[in-house]
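Notes to accompany the following structure.
No value in this document is a laboratory result; all are computed from the given coordinates. Given the structure is predicted, the values throughout are model-derived calculations rather than measurements. Cβ coordinates were reconstructed from backbone atoms using ideal geometry, including for glycine residues, and neighbour counts include every protein chain displayed.
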Amino acid sequence: MLSRCSMLPSSSDVQSLQGLSGIRHLAESRRFKAWFLDQFGVLHDGKQPYPGAISTLEKLASNGAKMVIISNSSRRASTTMEKMKHLGFDPSLFVGTITSGELTYQYLKRRDDAWFAALGTSCIHMTWSDRGAISLEGLGLKVVENVVEAEFILAHGTEALGQASGSVRPMKLEDLEQILEQCAAKRIPMVVANPDFVTVEARALRIMPGTLASQYEKLGGEVKWMGKPGKIIYEAAMKMADADASDSIAVGDSLHHDIKGANAVGIQSAFITCGIHASELGLDSFAEVADISRVVALASKYSSCPSYVLPAFTW
């Protein structure tokens, strides 16, 4: 099923559900079997749940919805669910979690995909420091700092460079970009385990690995994007929920990742305006109603088309 606005959207293509009962309307009128939910910018801001998010999940579950968290987080699925639990969310409400980090880990471990099988094992590892480094345990990789020794780049974060000892060396973004220039000259591929460009963190925007990956492509480098807007994560979610495209809806705050990805696999989508695009839409407070003409213009900019527009993930 193709999105009804597969080209550029117009105001007539998008249904604006700007009251705070938008999710309830969708649940009761459309009765989607599977709900694929982004976390940052929809359910929480990285520090605390958004108002009404937990009760909305509970009501969706009681309405028979199968909910799957699909996230461009570079963390494993189990780590993501533990964080959700720590933030006050009940893991039993979800069928499961699929993250870019989990997909990356599984593809690197199995090596049953021809592209991954050809990667080699020596990698430059770009990771986190303040947010906590990503473990590569069980993957049989050799982390190197010298580009000459590297066979590929593994991008989990934007704060540090992994070391052979397992520790990390904090680095500025511009320093990581200089390493990318060296890697591009050697023409080695990159696997990006978090395709997001930015994320919401306590109402501020933080640079994410997708920014590095985009820069690497501009340098002529080859990038394997492991997550939204690629089809791979949506197809995995549909399999997990035992649902097809016509039964599913994706809810997210990123037009480039969440909505464009849903468009690519032909599923309906709900764009939450209080997330990463809030400033671009001129919004100053949570659940503030966006001007639909501005939403349509912004969606056109990102070549995406949401089926529905809501101010927040609230019942």
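Just a few scattered comments:
- Legend: ranking of residues 187, 111 from fewest to most surrounding C-beta atoms inside 10 Å; resulting order 187, 111.
- The range 77-196, relative contact order in percent, only Cα pairs under 8 angstrom and at least six apart counted: 24
- Close amide H partners of residue 143, meaning residues 5 or more places away or on another chain with modelled amide H under 5 Å apart, are 123.
- When the pairs 109/218; 109/224; 47/83; 109/228; 109/142 are compared against a 18 Å limit on Cα-Cα distance, 109/218; 109/228 fall above it.
- Size descriptor, Kirkwood hydrodynamic radius, that averages inverse alpha-carbon separations across the range 120-225, Å: 13.6
- Long-range amide H partners of residue 96 with built H, under 5 Å: 69
- Phi to ³J(HN,Hα) by Karplus 6.51 cos²θ - 1.76 cosθ + 1.60 over the range 82-89, Hz, x for Gly, Pro: 5, 5, 4, 4, 4, 7, x, 8
- In sequence order, calculated HN-Hα J values of the range 161-174 (Karplus, 6.51, -1.76, 1.60; Hz; x Gly/Pro): 10, x, 10, 4, 6, x, 7, 10, 10, x, 9, 6, 4, 5
- Nearest-ten-degree value, helix 100-110 long axis tilted from longest Cα axis of the chain: 50
- Label-to-label distance, nm, for residues given as residue 86 and residue 61 (7 Å Cα→Cβ offset): 2.0
- Between residue 284 and residue 173, the C-beta separation translates, for a Förster distance of 22 Å, into a calculated FRET efficiency of about 0.20.
- Remark: C-alpha extents of the chain on the principal axes read 57, 38, 35 Å, sorted largest to smallest.
- Percent antiparallel among DSSP beta bridges (both partners in the range 120-225, rounded to 5): 45
- Each residue of the range 182-194 was assigned a 3J(HN,Hα) from its phi angle through the Karplus curve 6.51 cos²θ - 1.76 cosθ + 1.60 (θ = phi - 60°); the sequence is 5, 5, 5, 5, 7, 6, 9, x, 10, 10, 9, 8, 7 Hz, with glycine and proline shown as x.
- Long-range HN-HN contacts of residue 250 with modeled amide H, under 5 Å: 36, 268, 269, 270
- Nitroxide proxy distance, nm - points 7 Å out along Cα→Cβ at residue 135 and residue 242: 3.2
- Length gained on full extension, residue 146 to residue 198: 15.9 nm, using 0.36 nm per residue less the C-alpha separation.
- Length-normalised contact order for the chain - Cα pairs under 8 Å, 6+ apart - percent: 26
- Take 71-78, 190-197, 243-250 and order them by the average number of nearby Cβ atoms within 10 Å per residue, most first; the result is 190-197, 71-78, 243-250.
- Annotation for the range 93-179: GluC sites (Glu not before Pro) lying in DSSP loop with at most 14 further Cβ atoms inside 10 Å of their Cβ are 137, 145.
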